[in-house]
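The values are calculated or read from the model by the stated rules, or taken from the named source; none is laboratory data. Only a predicted model underlies this, so the values are computations on that prediction, with no experimental measurement involved. Heads up, the Cβs are rebuilt from the backbone with ideal geometry, glycines too, and the neighbour counts pull from every protein chain shown.
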Amino acid sequence: MSTSPNLNRQSDVSKITAVWETWIASLRASDPNSLAALVTEDVVIVHGDGRCLCGKEELRADFTHGFGHFDLEQKISSADIVIRDKWAIEIGEIENTLTPFRSGAQIRSHLRTVIVFARQPDASWKIARILDLPD
């Protein structure tokens, strides 16, 4: 007997939600290694300003650098998740607040995002692509 598509979808959405919960906890802990564990080896992130990060190690280095200068708070909300075979595409919004450790004003940003998740062999999900679309 096979599992119904609706139950599979609910399970996949729950797993993707858990990735985001771990992402937020890792940001709060300023833990670049935990963040890197949530992405694929070939992750690509295109920021709203056009800056691009390619690969897990580049992402880890970027977060390590950022955590040395800023406290980062992030809120993520999802508008929709489409799941097709080994891929899931999420459309969402991210609100960032960067607070410098030294002098300077807080930096706030609001982005619409397209996030692509890749299903792993163990049926978990990892972030494979993030495309930020600034307002």
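Among the residues of segment 54-69, write down those that are touching a helix residue (DSSP H, G or I) at 6+ places or on another chain (Cβ under 7 Å), of a type outside the set (Phe, Trp, Tyr) and surrounded by 16 or more Cβ atoms within 10 Å (Cβ to Cβ).
Correct list: Lys56, Leu59, Arg60.
Name every residue in segment 40-60 that is over 17 Å from Trp23 (Cβ atoms), touching a residue at least 24 places away in the same chain (Cβ under 8 Å) and either of a type in the set (Gly, Ala, Ser) or in contact with a Leu (Cβ under 8 Å, 6 or more places away or on another chain) (or both), in order of residue number.
Val46, Gly48
Please indicate, with yes or no, whether at least one residue in segment 84-98 is part of a helix (DSSP H, G or I) and either in contact with a strand residue (DSSP E or B) (Cβ under 9 Å, 6 or more places away or on another chain) or at positive phi (or both).
No, segment 84-98 contains no residue that is part of a helix (DSSP H, G or I) and either in contact with a strand residue (DSSP E or B) (Cβ under 9 Å, 6 or more places away or on another chain) or at positive phi (or both).
Quick one: Ala105 ticks every box in (1) over 15 Å from Lys15 (Cβ atoms); (2) of a type in the set (A, V, I, L, M, F, W, C); (3) in a strand (DSSP E or B) bar one, so which box is it?
Going through (1) over 15 Å from Lys15 (Cβ atoms); (2) of a type in the set (A, V, I, L, M, F, W, C); (3) in a strand (DSSP E or B) one by one, Ala105 breaks only (3).
Can you give me the ranges of the helices (runs of 4 or more DSSP H) entirely in segment 1-82 with at least 2 residues that are over 27 Å from Asp122 (Cα atoms)?
56-67
Considering every residue within segment 31-45, establish whether at least one is surrounded by 14 or more Cβ atoms within 10 Å (Cβ to Cβ) and modelled with pLDDT under 95.
No, that holds for no residue.
When you scan segment 97-135, how many residues do you find that are polar (S, T, N, Q) and surrounded by 17 or more Cβ atoms within 10 Å (Cβ to Cβ)?
Matching residues across segment 97-135 total 1.
Has segment 70-77 got any residue that is surrounded by fewer than 16 Cβ atoms within 10 Å (Cβ to Cβ), free of Cβ contacts under 8 Å to residues at least 60 places away in the same chain and in contact with a Gly (Cβ under 7 Å, 6 or more places away or on another chain)?
Within segment 70-77 (the criterion being surrounded by fewer than 16 Cβ atoms within 10 Å (Cβ to Cβ), free of Cβ contacts under 8 Å to residues at least 60 places away in the same chain and in contact with a Gly (Cβ under 7 Å, 6 or more places away or on another chain)), the answer is yes, since at least one residue qualifies.
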